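Data first, discussion second: the structure below is written as structure tokens.
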Amino acid sequence: MLEKLRKEIENLDSMLLKILGQRFKLVKQIHRIKKDKELEVEDLDREAKLKEFHERIAKAENINPQLVEKIFSEIFSEAKK
């Protein structure tokens with residue numbers, strides 16, 4: 001039973017990382033489009049909307065919103081590099 005649950009966690013972690021990789025690929029595409037259109041890469045309004053979106057989902061899933069904010073803050077920072 002314990003090993004089965006651990007394996008399920010590993011599968012979920014793998015899925016999370018694959019999704020994160022897909023997210024970073026999309027961010028690169030968005031950066032290219034913005035560069036081609038001579039737009040600012042950083043969009044603080046969009047980030048604020050995403051933070052609100054993440055907070056709503058976190059609360060609905062009974063996940064600590066501050067934890068989710070920290071996670072996405074790191075994701076946003078990495079995406080801007």
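Summary table below
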quantity	calculated
Members of the stretch 34-51 found to be exposed (fewer than 10 other Cβ atoms within 10 Å of the Cβ) and in a helix (DSSP H, G or I), listed by number	36, 44, 45
Qualifying position, being modelled with pLDDT of 95 or more, surrounded by 10 or more Cβ atoms within 10 Å (Cβ to Cβ) and not in a helix (DSSP H, G or I), among 57, 63, 71	63
Those residues of the stretch 62-81 which are acidic (Asp, Glu) and over 20 Å from residue 22 (Cβ atoms), in sequence order	69
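The values are calculated or read from the model by the stated rules, or taken from the named source; none is laboratory data. If you're wondering where the values come from, they're calculated on a predicted model, not measured in any experiment. Reconstructed Cβ throughout: ideal geometry from the backbone, glycine too, with neighbour counts over all protein chains shown.
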